Amino acid sequence: MKTSHITLTLALVALPVISGAQDIDAVLSAIERNNVELQSLRQEAEAARYETRMQNNLGDPTIEYSPFWAKGTDGISSSELVVSYGFDFPTQYASRSKAGKMQREVIDRQYLVARRDLMLRAKTMCLDLVCLHRKQELLSDRLENADGLLALFRTRYEAGDASAIELNKIRMEKMDIAAQMAQVETELESVRLSLQAMNGDNPVELSMYEYPVVIPLPDFGAFRDSLLAGELEIMASEAAVEAAEQEVRVNSQNWLPQLQVGYRRNTALREASNGFIVGASFPLFSNRHKSRIAKARHTASCLQLEETRIQAESRIRSQYDGMLRLKEMMDAYDVELMEETLGMLRKAVEAGQLSIIEYYTEADAVYANLLALSETENTYHKLMAEIYRNSL
């Protein structure tokens, strides 16, 4: 084997220092700046915020001018000018202003949820890149090992100490490795292109192929309380409940009249009279059932909040248990033992104590375990990203 797992890890950690490469956090920061979908979501949220402000705009004044003609009179005999302005009862503006502020809070919370989900997708892709790169390194080690064995057994074959079957076995091993490496490279390119698309079609160079630092899990009670306190869906649902409650208060004032004031000027030949307009419009029919609608929506928001909390607690419990199981699985793998076994198998086959068929039977089992460990690590870190997604 070309190098040990520990040596490879140290080399990969040193790589960013040499090349100025990006780690996962740097890639996520770039995506947050450049992602077109996120820019669109920000503009949509901004438009929605302005719409809530428009709901409490003052009305527009109206101007009416009516000229009149009469027989025996040249031109206009009389005219009427009316300038009026209608507005709601003053307390309604204050109530709607508060409701608008709460609606904007809901919009902001919903945007944060959408942003978090997008950043989680990007981080998951970065974690897949780390996993695929490690698979690539493992396959490169296997290929180098096969090349060395092929050279050794070709010499033995020429000397009559090895069979054509053994040579063919090594060639088939190389063929299998080459196919796997092509598959991994295809997957790597696919993930890179997906990340590039998320980065506004700007190239993404993740060269620090290391997983984030593992955070030790506390006891479940503290773990659950900490995550629930920062759960963005719960915060968005709480904001929606508050907004719906304020909407009930707004609609409870719908019985208040709309007021109208204005100025009127009437002219008749050379005479003119001026006056004021004072009026009110009583909403006897236009606001029918609005209070019931607002109350029903408030009840629905409360139920949705409760459902969100139940789902969040269930998910956290499941994720916590999953993290414990995955940690146990990773701890069960002894990397040093597997690497030592591969080294011993290589020495045994070189010394002629083991046939190439027996070697690959044993070595394939070890490589399968190393690959399983890589997959388990990837699953573990994806689950970790999902658990701590609200901190992205």
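The values are calculated or read from the model by the stated rules, or taken from the named source; none is laboratory data. Model, not experiment: these values are computed from the prediction. Note: ideal-geometry Cβ built from the backbone for every residue, glycine included; neighbour counts use all protein chains shown.
Annotation for segment 260-270: no member residue is at pLDDT 85 or above and surrounded by fewer than 12 Cβ atoms within 10 Å (Cβ to Cβ). Residues that are assigned to a helix (DSSP H, G or I) and touching a residue at least 40 places away in the same chain (Cβ under 8 Å) within segment 80-100 comprise 91, 92, 95, 96, 97, 98, 99, 100, listed in sequence order. Does residue 99 count as within 30 Å of residue 209 (Cα to Cα) and surrounded by 17 or more Cβ atoms within 10 Å (Cβ to Cβ)? No; evaluated as a whole, the condition is false for this residue. Number of residues in segment 149-200 that are under 43 Å from the mean Cα position of the chain (by Cα) and either at negative phi or basic (Lys, Arg) (or both): the value is 27.
So which of 305, 324, 345 is part of a helix (DSSP H, G or I), at negative phi and touching a Phe, Trp or Tyr at 6+ places or on another chain (Cβ under 8 Å)? Give the steps one after another, and end with the answer.
Values: 305 fails: touching a Phe, Trp or Tyr at 6+ places or on another chain (Cβ under 8 Å); 324 fails: touching a Phe, Trp or Tyr at 6+ places or on another chain (Cβ under 8 Å).
On inspection, the qualifying residue turns out to be 345.
Mind listing whichever residues of segment 147-179 are part of a helix (DSSP H, G or I), closer than 18 Å to residue 348 by Cβ and not polar (S, T, N, Q)? Of everything in segment 147-179, those that are part of a helix (DSSP H, G or I), closer than 18 Å to residue 348 by Cβ and not polar (S, T, N, Q) turn out to be 148, 149, 150, 151, 152, 153, 156, 166, 169, 170, 173. Selection over segment 61-108 of residues that are at pLDDT below 85, among the acidic types (Asp, Glu) and under 52 Å from the mean Cα position of the chain (by Cα) gives a count of 1. For segment 51-70, the set of residues classified as out of contact with any strand residue (DSSP E or B) (no Cβ under 9 Å at 6 or more places or on another chain), surrounded by 10 or more Cβ atoms within 10 Å (Cβ to Cβ) and not in a loop (DSSP other than H, G, I, E, B) consists of 51, 52, 53, listed by residue number.
Contact map, segment 232-258: residues that are over 17 Å from residue 101 (Cβ atoms) paired with residues that are polar (S, T, N, Q) and part of a loop (DSSP other than H, G, I, E, B), Cβ distance under 6 Å, separation 6+ or inter-chain. Pairs shown: 254/287. Considering segment 180-206 alone, what residues qualify as being part of a helix (DSSP H, G or I), farther than 16 Å from residue 140 by Cβ and among the hydrophobic types (A, V, I, L, M, F, W, C)? Of everything in segment 180-206, those that are part of a helix (DSSP H, G or I), farther than 16 Å from residue 140 by Cβ and among the hydrophobic types (A, V, I, L, M, F, W, C) turn out to be 191, 193, 195, 197, 198. Can you name the residue in segment 134-172 that is acidic (Asp, Glu) and over 27 Å from residue 209 (Cα atoms) and is also surrounded by the most Cβ atoms within 10 Å (Cβ to Cβ) among such residues? The selected residue is 166. Of the set (1) assigned to a helix (DSSP H, G or I); (2) loosely packed, with under 12 Cβ neighbours inside 10 Å, all apply to residue 238 but (2). Please verify whether residue 126 is farther than 30 Å from residue 346 by Cβ, of a type in the set (A, V, I, L, M, F, W, C) and surrounded by 14 or more Cβ atoms within 10 Å (Cβ to Cβ), treating the condition exactly as stated. So residue 126 fits the description; yes.
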